[in-house]
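Q: I have a structure I would like to understand better, so I am pasting it below and will then ask my questions one at a time.
The values are calculated or read from the model by the stated rules, or taken from the named source; none is laboratory data. Everything numeric in this text was worked out from a predicted model, so none of it was measured. In this analysis, Cβ positions are derived from the backbone assuming ideal geometry, glycine residues included, and neighbour counts consider all displayed protein chains. Areas reflect the complete protein model, heavy atoms only, side chains present, ligands, DNA and RNA absent. Shrake-Rupley method; radii C 1.70, N 1.55, O 1.52, S 1.80 Å.
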Amino acid sequence: MDTKPDRDEVAETFAEISRSQPLSLRTSREITVAVMGAGSRGQTYTEYGKIFPGTLRVVAVADIMKSRRDMMGRRWKIPYALRFGDFHEMLEAGRKGRLADVLIVSLPDHLHYEAAMKAMLQGYDMLLEKPMARTERECRALLARQHKTGVMVAVGHVLRYSPYFRAMKSALDKGLAGEIVSIQHQEPVQWAHMAHSFVRGNWHNSKASTPMIIAKSCHDMDIMRWLAGRRCARVSAEGGVALFRRENRPSGAPVRCTDGCPHEAKCPYSALNIYLRQRRHLYVFDLPRDCAPGRILAKLRTTDYGRCVYDMDNDQPDHIVATLLFEGGATATFSLDAFTPWGGRRTRIMGTMGYIEGDGTTFTLYRFDTGKSYAWSFRPADEGNYKDSGHGGGDLQLIRDFLEAVDTRDFGKLSSSFDASVESHVMGFACERSRLSGQKIVLPD
Ligand SMILES: NC(=O)c1ccc[n+]([C@@H]2O[C@H](COP(=O)([O-])OP(=O)(O)OC[C@H]3O[C@@H](n4cnc5c(N)ncnc54)[C@H](O)[C@@H]3O)[C@@H](O)[C@H]2O)c1
């Protein structure tokens, strides 16, 4: 007698959640975009309109760097009258009427709050880069204004939009791991990235930008809250600056690595090593990887990127651990670690029926009832290569979903509501208060 093999329902559900999401989009019209800040993020998001023509068109740009605003201006044939310097000029021009359907705010951290507060009053739906603001109070003020004006605000929590985290979240929502009991989530920063961004670069000082746990880890607060599916009730955190301190400066080290430092050859954090030999992070200088060494040296002699890592006014912790308690009792431990060979994320989820472990591109679900395991790994989408898009495909997927939400006026197309984004920022600020005070922090409802 013929017998059908038993159906493996977990495998079927797993296959269903593993289908790649479309990256392309057909909008009912071309959505016009004004960009504040034509740097790395502004360029990344708007490239979607070049990959999928007819969806998005940049019609106005503001950037204090002429080279960048003209680069975007040329790429999108923006008339000179709509190429602005400071973002206030763009806001001023918008007083008589919006310059575009939507606004992308990809300015440095300290300008997000003012730009978003004012742009909301002009009625712009917007994609607002994270961190949305520099204090909890400002985040709440933004939320109040968003509720009042009714505009749509998508925050650049790109990890939520990556196929990897989307599949992990779907697996949890389908109950494949049972009830979540605990989460371990690691954010490995990568040693050279730490030195580049958080010791020498834009985010080296928490007062001038935002605390590390907001600047770097507001994504992770958001991801843990989202995966847990519950409100976070209490947090505590520890951590500090272990290495990049003045007292660790080797004797005889000059102010700049380019000034004949006797330790240069053996120092992994040497600017010559990172920028000149390894050719990392050259986009901050708007230089291509294959440019002449003299052009890089000129930047290292004149910008903070050439300075000794032990002689900066940095205060961003190179290690943080935090514990989070969610409503209902589930817990998460979070660790940010600067000294790793790789970046990305590592996540383990302990559920009552199964265990999930992932490294940022691949994750495995182990079922306790059958002993079987099921693997998910990144596959490029059919109509575009997600690997070409940053954050595991999350960058382009976010702008895609944002455009769809604007086009259909269905804010539910966004993975994250603005309320949820504010909540995860508040979690981060609470962790920072805990780290500095040594207290556990209870989060308000
Ligand atoms: N979502 C993410 O994963 C992610 C990743 C990286 C950066 N970010 C955030 O995106 C934002 C932009 O980062 P970036 O890497 O693109 O930085 P960037 O320095 O490359 O770009 C910022 C641009 O803003 C311009 N600018 C500065 N002041 C201005 C002003 N007053 N008016 C007009 N333009 C002005 C600068 O000239 C620069 O071109 C930051 O807040 C950063 O934290 C988010």
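Q: Quick check on my filter: what residues within the stretch 241-277 are of a type in the set (Gly, Ala, Ser), in a loop (DSSP other than H, G, I, E, B) and open to solvent by less than 30 Å² (accessible area, probe 1.4 Å)?
A: Within the stretch 241-277, Ala253, Ser270 meet the criteria.
Q: Additional query: Any residue in the stretch 268-283 that is outside the structural domain of Val199 (by TED's automatic domain parsing) and more than 14 Å from Arg200 (Cα to Cα) sitting within a Cβ distance under 7 Å of a residue that is open to solvent by 40 Å² or more (accessible area, probe 1.4 Å) and in a loop (DSSP other than H, G, I, E, B)? List the pairs, counting only those 6 or more apart or interchain.
A: From the stretch 268-283, the pairs are Arg279/Arg289.
Q: Looking at (1) modelled with pLDDT of 95 or more; (2) open to solvent by 50 Å² or more (accessible area, probe 1.4 Å); (3) more than 30 Å from Ala430 (Cβ to Cβ), can you tell me which one Glu114 breaks?
A: For Glu114, the failing item is (3).
Q: Scan the stretch 28-40 and tell me whether some residue there is modelled with pLDDT under 95 and of a type in the set (S, T, N, Q).
A: yes
Q: Please specify each residue of the stretch 51-67 satisfying the condition of being open to solvent by 50 Å² or more (accessible area, probe 1.4 Å), assigned to a loop (DSSP other than H, G, I, E, B) and either within 12 Å of the ligand (Cβ to nearest atom) or over 25 Å from Asp407 (Cα atoms) (or both).
A: Once the filter is applied, which keeps residues that are open to solvent by 50 Å² or more (accessible area, probe 1.4 Å), assigned to a loop (DSSP other than H, G, I, E, B) and either within 12 Å of the ligand (Cβ to nearest atom) or over 25 Å from Asp407 (Cα atoms) (or both), the stretch 51-67 yields Ile64, Met65.
Q: Kindly evaluate Arg280 against the criterion of being open to solvent by 20 Å² or more (accessible area, probe 1.4 Å) and either in contact with a strand residue (DSSP E or B) (Cβ under 9 Å, 6 or more places away or on another chain) or of a type in the set (Asp, Glu) (or both).
A: Here the answer is no, as Arg280 does not meet what is asked.
Q: Can you pull out the helices (runs of 4 or more DSSP H) entirely within the stretch 85-192 that have at least 2 residues that are closer than 30 Å to Glu12 by Cα, small (Gly, Ala, Ser) and away from the ligand (no atom under 16 Å from the Cβ)?
A: Correct list: 163-173.
Q: While we're on this one: Given the conditions (1) over 25 Å from the mean Cα position of the chain (by Cα); (2) more than 14 Å from the ligand (Cβ to nearest atom), which single one is not true for Asp70?
A: Failing condition for Asp70: (2).
Q: Moving to a separate point now. Report yes if some residue within the stretch 343-363 is open to solvent by 40 Å² or more (accessible area, probe 1.4 Å) and without any contact (Cβ under 8 Å) to a residue 12 or more places away in the chain; otherwise report no.
A: yes
Q: Only residues that are touching a strand residue (DSSP E or B) at 6+ places or on another chain (Cβ under 7 Å) and within 17 Å of Phe411 (Cα to Cα): list them for the stretch 111-129, please.
A: Of everything in the stretch 111-129, those that are touching a strand residue (DSSP E or B) at 6+ places or on another chain (Cβ under 7 Å) and within 17 Å of Phe411 (Cα to Cα) turn out to be Tyr124, Asp125, Met126, Leu127, Leu128.
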